[in-house]
Amino acid sequence: MAAIPLILISAGLLLAFKMKFWNIGAYGQYILGAMFSSFFALHISPHTPSFILITVMCLAGLVGGALWAIIAALLKLFWEVNEVISTLLLNYIALYILDYFMHGPWRDPSSHGFPLSKSFAANARLPILMHHTRIHLGLVFGIIATIVIYILIKKTKFGYENKVIGENPTAAKYAGINIFRNTLIAAGISGGLAGLAGMAQVSGIIHMIQMELNADYGYTAIIVSWLAALNPIASFFVAIILGGLEAGGYQIQMTMSVPFGIVGVIESSILFALLGGELFKTHKLVFGREKSHHPIQ
Amino acid sequence: MLASSVRSGTILLFPTIGEIFAERAGILNLGLEGMMVIGAFFGFVAGNLTKNPYIGFTIGMLAGGLAALIFAFVAITLKGNQIVAGLALTIFGLGITNFYGQKWINTKLAVPAQSIAIPGFANIPFIGPIFFNQDIFVYFSYVLAIAFWIILFRTKSGVYLRAVGENARAADAMGISVDRTRYFWTFVGGLLAGAGGAYLTIVYAPFWLDGITSGRGWIAVALVIFAMWDPLYAIIGAYLFGGIDSLQFQLQATGATIPSSLLSMQPYLLTLIVVIVATFIVRAKHIGVPRELALPFYREER
């Protein structure tokens, strides 16, 4: 069940990473998505048909996440503000916005002072797909997102332009590619999917909004998309594997009291190995001294 | 209050100076947060086990330096993507300190460091009590900032260092070892990030909490831009942010009517604003950014 948010977030991130828009802000975009959709879950009449409410919540999640990413994209496009720093700082800002709402307007009076909202009504919850599991409709969103991103990257002009911008921004500029528009779209999609993941978490798993939303998926998803070499299909499966690792991490924390940090250690070690190993795809190790072709000795 | 701004600023000053040097050498190490939390944790544990804050601080520094070497191996020797490797280092640091840190949570430091007034200077009205009645680590940071400014702009190794970051190929042709220079300054960056973290848990907040650095590493990355890659400006930036940090604590302690979540948000929001402004100035004046920042150097491609 950790796989669903990872699938959604990493599908979006790889699109942004492909054009070297370093969106590290999925954490904050996820929180904003969860908050936007919770707003509707908490404030719309519980008699609204479920289909309509869920649709509205999905759209709200997409918009919330996209807005948060687009702020960073605009800062980059207008003033060349480094998006790694801006998206990261926006993560902390999102966290404290959530903190504000959970300690103020959204706190359930009967929660005994805990920062929890009211439980969502049944019509604001994503339907479960399989009995006796927590696999919810979010999985379908994940599959759709993966397919859409795949098509975007492989079959459309946008995907091609995206790749050119990532690999050679100067060439992209001279080729007349609209960097402004493409960056906004890529940032919007990656933020939107992170927001949708946040929506899926509150609506499908937690059934309320609270401080602990597992927004760390936003960081894990970076690892997922990188391990998948920015390929959407591969990323779907890597998300399931790392989702399993995360779920296992929670399990051993609860049953064997092994701290969850071990998951971070494993994930970062894999990532280090992968980053280092890239070199050997293009370079060959030669032992011993080759004759130098350099004229000056 | 102002004296505590200096202490809070010192946490940021060490890593900012370290990152300035790494970036000047062309290495963008976004693992600052990870190295800081490693320095904070191992410094705290060593300080507690030896009951000596100075040994703790040293161990914290070394731990940060060692963490930087992992990054250096991946990013310099194996030429991996620096942005992602830096993130990996942060995830690693937060993970490993969470893993080993459970039993230390909420433990207080056995022997905290004492303030030492500098005779003469400490009696200067106003400035004296703020800057010259501090602990030894704060004095160390003053010396470091000035010494590093001199190294960067007034010595041959500073020229070499900048050459490596601006144009690695030319530096290589001059006979400077690009990789060795980058390794060295990445390591120094790690030592200083570790120092910042260790200062946090040994002096500023002498206890251990999971993820105690809470984004200070990222604020330091932002301060590098604010400082325009100059160690002296880093002092101003660090104390400014230290001031915001301690102001926010004071306001929360006095029970101001502003909600605490909005106060806690201030440092991050202000950092974002400052980065926007600083980026604007850097661009307008055409200064600062080392030209080959985050680009790996392949010596064989001539």
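Each value in this text was obtained by applying a stated rule to the coordinates, not by laboratory testing. All figures in this text were calculated on a predicted structure; none of them were measured in a lab. For neighbour counting, all protein chains shown are included, and Cβ atoms are generated from backbone atoms with ideal geometry for every residue, glycine included.
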Relative to the longest principal axis of chain B, what angle (0 to 90°, nearest 10) does the C-alpha long axis of helix B:32-50 take? 50
Normalised by the empirical 2.2 N^0.38 Å for globular proteins, what value does the Cα Rg of region B:168-302 take? 1.32
What is the ratio of the Cα radius of gyration of region B:120-178 to 2.2 N^0.38 Å, with N the residue count, to two decimals? 1.73
Based on the Cβ-Cβ distance of residue A:111 and residue B:295, what FRET efficiency does E = 1/(1 + (r/R0)^6) give at R0 = 51 Å, to the nearest 0.05? 0.50
Shape category assigned to region A:147-297 from the gyration tensor of Cα positions, a/c cut at 1.5: oblate
Rg and Dmax of region B:175-214, Cα atoms only, in Å: 14.7, 47
Cross-link partners among aspartates and glutamates for residue A:173, C-alpha distance below 13 Å, same-chain residues fewer than 8 apart left out? A:161
What shape does the protein assembly as shown have by the C-alpha gyration tensor, where a ≥ b ≥ c are the square roots of the eigenvalues, rounded means a/c under 1.5, and otherwise prolate means a/b greater than b/c and oblate the rest? oblate
Suppose each label sits 7 Å from its Cα in the direction of the beta carbon; what would the residue A:131-residue A:252 distance come out to in nanometres? 3.4
Using Cα atoms only, what is the angle between the long axis of helix A:83-103 and the major principal axis of chain A, expressed in degrees (0 to 90) to the nearest 10? 10
Place +1 on the Cβ of every Lys and Arg and -1 on the Cβ of every Asp and Glu in chain B, take the dipole about the Cα centre, and give the residue among B:280, B:148, B:193 whose Cα lies farthest towards its positive end. B:148
One quarter of the C-alpha convex hull surface, i.e. the mean projected area of region A:3-218 in nm², amounts to 12.3
Need one word for region A:1-75: rounded, prolate or oblate. Basis is the Cα gyration tensor (sqrt eigenvalues a ≥ b ≥ c); a/c below 1.5 gives rounded, then a/b vs b/c decides. prolate
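Counting other beta carbons within 10 Å of each Cβ, put B:6, B:221 in order, fewest first.
B:6, B:221
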Suppose each label sits 7 Å from its Cα in the direction of the beta carbon; what would the residue B:232-residue A:282 distance come out to in nanometres? 4.0
Share of pairwise Cα separations in region B:142-205, more than 14 Å, in percent: 65
Count of lysine pairs, region B:2-285, Cα-Cα under 29 Å, sep. 8 or more residues or interchain, comes to 4
Within a 10 angstrom radius of each residue's Cβ in B:271-277, how many Cβ atoms of other chains show up on average? Whole number is fine. 5
Semi-axes a, b, c in Å (a largest) for region B:1-136, each sqrt of 5 times a Cα gyration tensor eigenvalue, come to 31, 21, 11
Apply the Debye scattering formula to region B:78-142, with a single equal point scatterer on each alpha-carbon and no solvent, then give log10 I(q)/I(0) at q = 0.27, 0.30 Å⁻¹. -1.06, -1.15
Note down the Stokes-Einstein diffusion coefficient of region A:1-126 in µm²/s, whole number, using a Kirkwood radius over alpha carbon pairs, 37 °C, and 0.692 mPa s. 208
Please state, as a whole number in µm²/s, the translational diffusion coefficient that the Stokes-Einstein equation yields for region B:2-285 at 10 °C and 1.306 mPa s, with Rh defined as the Kirkwood radius across alpha carbon pairs. 83
Let me know the mean shielding of A:92-101 by other chains, meaning the per-residue number of their Cβ atoms within 10 Å of its Cβ. 5
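Can you compute the FRET efficiency between residue A:154 and residue B:174 using 1/(1 + (r/R0)^6), with r the Cβ-Cβ distance and R0 = 41 Å? Round to the nearest 0.05.
Between residue A:154 and residue B:174 the formula returns 0.35.
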Relative to the Cα centre, what is the charge dipole magnitude of region A:3-218, using +1 at the beta carbon of each Lys and Arg, -1 at the beta carbon of each Asp and Glu, and rounding to the nearest 20 debye? 560
Sorting B:207, B:297, B:226 on the 10 Å Cβ count, fewest up front, what's the list? B:207, B:297, B:226
Scoring chain A by relative contact order with C-alpha pairs under 8 Å, at least six apart, yields a percentage of 35
With axes computed from alpha carbons, what is the tilt in degrees of helix B:2-24 against the longest principal axis of chain B, rounded to the nearest 10 within 0 to 90? 10
Could you give the nm distance between label points at residue B:139 and residue B:116, where each point is 7 Å from its Cα heading toward the beta carbon? 0.4
Taking N as the number of residues in region B:35-102, the ratio of its alpha carbon radius of gyration to 2.2 N^0.38 Å works out to 1.19
